[in-house]
Each structure stands twice: as C-alpha cells, then as structure tokens.
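Participant: My questions will all concern the structure given below.
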Amino acid sequence: MTSDLRPFQTVSSRIAWSCPWYRVRQDDIITPDGRPGVYNVVEKDDAVWIVPVTAEREVLMVYQYRYTIDEWCWEVPAGSVKPGQTPAETAREELREEVGGQGGDWHYVGRFFLANGICNEVGHIFLATGVATGETHHEAAEVMHVHRVPVAKALAMARAGEITDGPSALALLLCADRL
C-alpha cells in the first residue's frame, strides 16, 4: 500500500553534527496535528550485504569484533557504498576485501531500511554463487576472521539467533530459497 500523503511538513533543516561516516540532520517540522516539532535524522550512505556461496556450498562469513557493542559477531561481507560507486560495484569490492571472494554469478535480492525511525540508510542485498577465494585486504579498523560455513549451518545460525547482526541474518534468510 502506498500513499501520496506526506503528513509532516519540513520547515527548515540543518546539519547538527557530522563525521566521515554519517551526519545528523535536524529538521524543524510541523507534525500531522499542526504542532511545531524537531526531528533528528541520521543521514548515512547506502550499504551492501553479500551472501557469498562457494562451489562447495559454503557461505563465506566473517566473525568480526564490533567496538560499538564490545562483542564478536557473525556476519556476511558488507560495506558502505562509496561516492561514485554503484551498490553492485561496492558489493564486488567488499567481497574481495573482506573474504577474498571473486567471480561467481551475481543476483540482486532487494533492499531494506536499516533503522527507518531514525536513519535514511538503505541496505542492498546481493547473492553471489560459485565464488572463488583469494587474498583478503582488510581495513585497519576491521578485526575479523574469515570462515567457510556450510549453507545449512549458516541458515540454521540465522534462524536460531546466533547471527546477531540483523542485516546479515536478513540477507541469509532472504536468500534461503535460492541456496
């Protein structure tokens, strides 16, 4: 169901804070009931998540330390779309950097919003099958270990809540029927 109705009116906008990875936009608004208000929006570039499957039917996953939560998380390769890149170009680059993945047959699975109550970031999901592996090229702040996980086990981990990175679990589950 869609609607052309836009219940909020934006009066003005300004960037309240920014860093290299995202910024916070503060909007003065008129709410649907006519009252003035303020809404803060985290503006962030689109990102990609890739479910890479080898010819041996293994998902290339990373076990990555996340500073923000001080925990290790199971994830599929992912990354932010850089200016001038398409999501597909970013997906191929992130696959190569994070797990050394190359080649394969690529399929665009779909898009989703990561935190649509506060953020405008769009996530794009790709499935890559028949992926070969090579050398990784991790960024300095990426602390991760690459693992080859059988497809059935990766899906079971997502269904059991063992993959606590929501976008990674979603990507695996959305690809399940194609695996």
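We did not get these values from a lab; they are worked out from the coordinates using the rules stated. All values derive from a computational prediction rather than experimental measurement. Methodologically, a virtual Cβ is constructed for each residue, glycine included, from the backbone with ideal geometry; neighbour enumeration extends over all protein chains shown.
Participant: Give the range of the longest stretch in the chain that excludes all GluC sites (Glu not before Pro) found in loop regions by DSSP and having at most 13 other beta-carbon atoms within 10 Å.
Facilitator: Result for the longest clean stretch: 57-134.
Participant: Can you list the chymotrypsin sites (Phe, Trp or Tyr not before Pro) in region 56-103 that are in a DSSP coil and have 11 or fewer other beta carbons within 10 angstrom?
Facilitator: Here the sparse-neighbourhood loop sites are Tyr67.
Participant: Quote the FRET efficiency, to the nearest 0.05, computed for Glu139 versus Thr10 with a Förster distance R0 of 45 Å and r equal to the Cβ-Cβ distance.
Facilitator: Efficiency for this residue pair is about 0.80.
Participant: Okay, next question. What does the charge dipole of the chain about its Cα centre add up to, to the nearest 20 debye, if the Cβ of each Lys and Arg holds +1 and the Cβ of each Asp and Glu holds -1?
Facilitator: 340
Participant: Can I ask one more? Over the chain, with a Gaussian network built from C-alpha contacts below 10 Å, which listed residue (Val51, Val109, Val11) shows the highest mean-square fluctuation?
Facilitator: Val11
Participant: What is region 1-92 by shape, rounded, prolate or oblate, if you read a ≥ b ≥ c off the alpha carbon gyration tensor as root eigenvalues and call it rounded for a/c under 1.5, prolate for a/b larger than b/c, and oblate otherwise?
Facilitator: It comes out prolate by the Cα gyration axes.
Participant: A follow-up question, please. If you average the sequence gap of Cα pairs under 8 Å that are 6 or more apart and divide by the length of the chain, what percent do you get for the contact order?
Facilitator: The normalised contact order for the chain reaches 22 percent.
Participant: For region 133-179 and region 20-94, what is the centre-to-centre distance using only Cα atoms, to the nearest Å?
Facilitator: Cα centroid of region 133-179 versus Cα centroid of region 20-94: 15 Å apart.
Participant: Expressed as a rounded percentage, what relative contact order does region 74-140 have, with Cα pairs under 8 Å and six or more residues apart?
Facilitator: This gives 33 percent for region 74-140.
Participant: Please find, in a Gaussian network model of the chain (springs between Cα atoms separated by less than 10 Å), the residue of Ser18, Ser80, Ser168 whose mean-square fluctuation is greatest.
Facilitator: Taking springs between Cα atoms under 10 Å, the residue moving most is Ser18.
Participant: Computed from these coordinates, which is Rg and Dmax of the Cα atoms in Å: (1) 15.4, 51; (2) 26.6, 89; (3) 18.6, 59?
Facilitator: Recomputing Rg and Dmax of the Cα atoms in Å here gives the entry labelled (3).
Participant: If you filter region 9-92 for trypsin sites (Lys or Arg not before Pro), then keep DSSP loop positions with at most 14 other Cβ within 10 Å, what is left?
Facilitator: Those satisfying the criteria are Arg57.
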